[in-house]
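Shown next, in C-alpha cells, is the structure this report addresses.
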C-alpha cells in the first residue's frame, strides 16, 4: 500500500514500513514512534549491560599466587574461544571469595557486562540449578523479553551465545557440581572470560573445553592471622599473641573457620580470646565451637554438602580415613584400610571432591578439620566396621615392616607372625634400597601404628612392631625412638605375660639404654634377659644376649668383660651353626683384642670374620670388620692402610644407609687425616660427622667432634 507524501511522491504507508522492519529484524526490539507526522524505526537493539556480580568480599586477605594465576590464564589465552578458569577447593576454602575479588578488581576489563549465578551444586536445599533455568536468567539480564525466550535447551544456548558473541563479558558460574552443569553456559567468544568454582575437580572442563585449573589451598599462618586481625583489629590480637597462634592452629588455615572464630569473637568484644581458644582446644568438640548462628557458617553443614555427591564406597572410605594414625596415608595402606583394591576409585573420587589431597604421588592427606568431621561420621554410622579396618591397617604396617626388616638384616633370626587379616595387602618390597625408602616414607606412621595397637590392646603387635623397626632405628641413629618403642613393647608383653616378647624387649632395651649412655640400666635389662633365656633353655637368645652384653661392656671401655661375653656368644653361635652370628662375634672379639693390645689375636679374629661375612654376603658385617681392621692398622702405625680400610667401610655403610656408623667412621677418618697431616680433609669429614650426630640427637658425640675441630683450628 502506498500513499502520496504531499510532494507528488508515492511512499509506503506506516503499516507497510512496520511489517518490513519486523520481517527484516530477527529477534530485535523494534521501537516505532511518530514525531511531526514521520515514522522512526530502530533496527538494532539497544544493548542491556548486566552488572550481576554480588558485592566484593569483605576483608579479603592474601591469595596473591591464586590471583596471579587467574590473571595469567586470562592474559595468555590463545583466542580460540572463551577463556575458562576452574577454581577448585574444599568447601569453606574461599573459592567464591577469590573469584569475586578477582572479578571486581578486573571489572573494567569487561565493558559489556558481568553475569553471575550460584549453580547450587552443593546446596543443602533442593537440586542443583538446571542449565535451562540459568540460561533464561542470563537472557533476561541481557534484555530479551520473556515472550522471545525459547523453551528448548539448545535454542536457549544458541540465543545466549549469539548475544554474547561480539561482547567482552565476564561470566561467573559459582558452586558448580560437575562439567555437565556448566557446558551449556559456556560462550564461544574469545572476548569472554568464564570463572567456574566447584568443590569437584572438573576434569572434563579441562580436557574438552580447555579450562585452566586454579586450586585454592588453606591460608598460611601469616595470612590467617592477618585475616583475623582484619576482623578483630590488631590491638585485640596483640593483647593475646599466644592465644591467637592457638586459634590459627585450630582453624588450620580454613577461611570459613577463621570467619566463624571472628564472628564469635565480635559477638562478645569484651571476652578474652582465651575463652574461645579453650573451647576449640579439644579435638572431640572443636567442630561444636566452629559454628555460628547461620547455617552457612556451620562447618559440619558445609562439609556434609560435599558428601552428598559421593558414592557410598567413597563415603565409607572417607569415614575410615578419619581414623588413620597420622596426617597422611600411603596408597597401599589406604587399600588395606578399605579392604578392597577398588578403593583406588574411591580415593580418586575423594580427591576430585577436594576432601583429600595428594601432596606427593601415592600419599593422601585430610585437612585437620575434615579429619575431625570424618571421625565423627564413623561414630555416627555403626554400619562401618572401624575395628576391622584398623586391624587391617595395623597389619599392613606390621607385615610390610617385617618384610623390610628381613631385607635389611637377612641373618637376623625372625620372629613368628600370624598371617595378616583378610583384606590386608602388605606392600611388596624387592630389596634393601626399596625397604629403606619405605621405612623413611612411612616411619612416622609406623610409630603411630604402634600407638594405635597399644590403644586398642593388641599387645603382641606392639612389641612385634618394635622388633620390625630395629635395624632401621640402628642404621638411622634413632636410638631415643628405639628406646621408646621397646619400652612400649615391654609394657605390652607384661600385660599379656608374653615370655617371648618380654625376653626380646629386655634384650633390645639393653641395646637402646647402652646407646644413650645409661649403662647400668642396660646391664640390668640384659642380665634379666640372659636369665630368662637360660631358664628357658633358649640357646639362640643366650647367644644374642651375650652379644648385646659385649656391646654394652665395650661402650663402658671394659674390654676384658666385653671380650668374655664375645667368646661366650661365639661358642654358642658355632654350636648353633650360625655363620653370620659367628662372624659378628669374631669381629667383636677382634675389636676388643685391639683395645687390650692383643694385636696378633685381633688380626686372626678379624680376618676370619671378613672371610665369613663376604662368603655370606653380609654387607653390614663386612663394613664393621673393615672398620676393625682399619683401627688395627692405625694402632700398629700403618696409617695408609687404615685410611684405605676406613674408606672401604664408609662406602659400605653409605650403601646400606647406616648413618649411625657413617658418623663413627667419619670421626675416625678425621683422626687418620690429622696423623697424616691432611688438616683440610680432617675438617671436612669432622664437619660432616658432627652434622650427622646432631641429626641423630647424639649430643655427646657431636660435642666431642666439635672439640676435635676446635683443637685443629687452634686458638682464636
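The values are calculated or read from the model by the stated rules, or taken from the named source; none is laboratory data. Predicted, not measured: the structure shown is a model, and the values here were computed from it. Neighbour counts are summed over all protein chains in view; Cβ atoms, including those assigned to glycine, are modelled from backbone coordinates with ideal geometry.
No other residue among 163, 186 is buried (at least 18 other Cβ atoms within 10 Å of the Cβ) and under 17 Å from residue 119 (Cβ atoms) apart from 186. State whether one or more residues within region 527-550 are in contact (Cβ under 8 Å) with a residue 60 or more places away in the chain, buried (at least 22 other Cβ atoms within 10 Å of the Cβ) and out of contact with any helix residue (DSSP H, G or I) (no Cβ under 6 Å at 6 or more places or on another chain). There is at least one residue in region 527-550 that is in contact (Cβ under 8 Å) with a residue 60 or more places away in the chain, buried (at least 22 other Cβ atoms within 10 Å of the Cβ) and out of contact with any helix residue (DSSP H, G or I) (no Cβ under 6 Å at 6 or more places or on another chain).
Scan region 105-128 residue by residue and report those that are assigned to a helix (DSSP H, G or I) and touching a strand residue (DSSP E or B) at 6+ places or on another chain (Cβ under 9 Å).
The answer is 107, 109.
Could you tell me which residue of region 491-501 is surrounded by the most Cβ atoms within 10 Å (Cβ to Cβ), considering only residues that are touching a helix residue (DSSP H, G or I) at 6+ places or on another chain (Cβ under 7 Å) and under 13 Å from residue 464 (Cβ atoms)? Step by step, filter region 491-501, then rank; the result is 492.
Looking only at region 615-652, which residues are within 24 Å of residue 582 (Cα to Cα) and either without any contact (Cβ under 8 Å) to a residue 12 or more places away in the chain or part of a loop (DSSP other than H, G, I, E, B) (or both)? Before you say what the answer is, go through the steps one by one.
Residues of region 615-652 within 24 Å of residue 582 (Cα to Cα): 615-633, 645-646, 648-652.
616, 617, 618, 651 - these are the residues of region 615-652 that are within 24 Å of residue 582 (Cα to Cα) and either without any contact (Cβ under 8 Å) to a residue 12 or more places away in the chain or part of a loop (DSSP other than H, G, I, E, B) (or both).
Being in contact (Cβ under 8 Å) with a residue 60 or more places away in the chain and on the phi > 0 side of the Ramachandran plot is the filter; apply it to region 657-704 and report the residue that is surrounded by the fewest Cβ atoms within 10 Å (Cβ to Cβ). Looking at the filtered set, the residue picked out is 697.
In contact with a strand residue (DSSP E or B) (Cβ under 7 Å, 6 or more places away or on another chain) and either surrounded by 18 or more Cβ atoms within 10 Å (Cβ to Cβ) or assigned by TED's automatic domain parsing to the domain that holds residue 85 (or both): which single residue out of 142, 173 fits that description?
Details: 142 fails: in contact with a strand residue (DSSP E or B) (Cβ under 7 Å, 6 or more places away or on another chain).
The conditions single out 173.
When each of 439, 402 is tested for being surrounded by 15 or more Cβ atoms within 10 Å (Cβ to Cβ) and within 21 Å of the chain's Cα centre (by Cα), the lone residue that passes is 439. Would you check which residues across region 231-252 are surrounded by fewer than 16 Cβ atoms within 10 Å (Cβ to Cβ) and in a helix (DSSP H, G or I) and list them? Hits for region 231-252 are 234, 235, 238, 239, 241, 242, 245, 249.
At pLDDT below 90, under 27 Å from residue 165 (Cβ atoms), within 60 Å of the chain's Cα centre (by Cα) and crowded, with 17+ Cβ neighbours inside 10 Å: which single residue out of 77, 28, 73 fits that description? Of 77, 28, 73, the one residue that is at pLDDT below 90, under 27 Å from residue 165 (Cβ atoms), within 60 Å of the chain's Cα centre (by Cα) and crowded, with 17+ Cβ neighbours inside 10 Å is 77.
In the set (1) in a helix (DSSP H, G or I); (2) within 24 Å of residue 80 (Cα to Cα); (3) at pLDDT below 90, the condition left unmet by residue 166 is number (1).
Could you tell me whether any residue of region 474-484 is more than 26 Å from residue 455 (Cβ to Cβ) and part of a helix (DSSP H, G or I)? Even if it seems obvious, please write down each step before you answer.
Quick first cut of region 474-484, residues more than 26 Å from residue 455 (Cβ to Cβ) only: 474-475, 477.
If we keep only those that are part of a helix (DSSP H, G or I) too, we end up with 474-475.
Taking every residue of region 474-484 in turn, at least one turns out to be more than 26 Å from residue 455 (Cβ to Cβ) and part of a helix (DSSP H, G or I).
For residue 161, the criteria (1) closer than 23 Å to residue 78 by Cβ; (2) not in a helix (DSSP H, G or I) hold in every case but one, which is (2). Here the helices (runs of 4 or more DSSP H) wholly within region 275-388 that include at least 2 residues being crowded, with 20+ Cβ neighbours inside 10 Å are 299-307, 312-321, 331-338, 343-352, 368-379. Among the residues of region 172-219, just one is on the phi > 0 side of the Ramachandran plot and outside any strand (DSSP E or B), namely 210. Give me the pairs: first residue in region 138-154 and without any contact (Cβ under 8 Å) to a residue 24 or more places away in the chain, second residue surrounded by fewer than 10 Cβ atoms within 10 Å (Cβ to Cβ), beta-carbon distance under 8 Å, and six or more apart or on different chains, which are they? If the second residue must be surrounded by fewer than 10 Cβ atoms within 10 Å (Cβ to Cβ), the pairs left are 140/146.
Any chance you could count how many residues in region 75-104 are assigned to a helix (DSSP H, G or I) and touching a residue at least 24 places away in the same chain (Cβ under 8 Å)? Break it down into steps so the answer makes sense when it comes.
The initial filter retains those residues of region 75-104 that are assigned to a helix (DSSP H, G or I), namely 75, 95-104.
Of the ones still in play, those that are also touching a residue at least 24 places away in the same chain (Cβ under 8 Å) are 95-104.
Of the residues in region 75-104, 10 are assigned to a helix (DSSP H, G or I) and touching a residue at least 24 places away in the same chain (Cβ under 8 Å).
Going by the structure shown, is residue 569 under 43 Å from the mean Cα position of the chain (by Cα), assigned to a helix (DSSP H, G or I) and buried (at least 19 other Cβ atoms within 10 Å of the Cβ)? So residue 569 does not fit the description; no.
Does residue 455 satisfy the criteria of being in a helix (DSSP H, G or I) and without any contact (Cβ under 8 Å) to a residue 24 or more places away in the chain? Let's see the steps before the verdict.
On the way: in a helix (DSSP H, G or I): yes; without any contact (Cβ under 8 Å) to a residue 24 or more places away in the chain: yes.
Against the criterion (in a helix (DSSP H, G or I) and without any contact (Cβ under 8 Å) to a residue 24 or more places away in the chain), residue 455 qualifies.
Scanning region 472-481 for residues that are closer than 17 Å to residue 401 by Cα and crowded, with 24+ Cβ neighbours inside 10 Å yields a count of 2.
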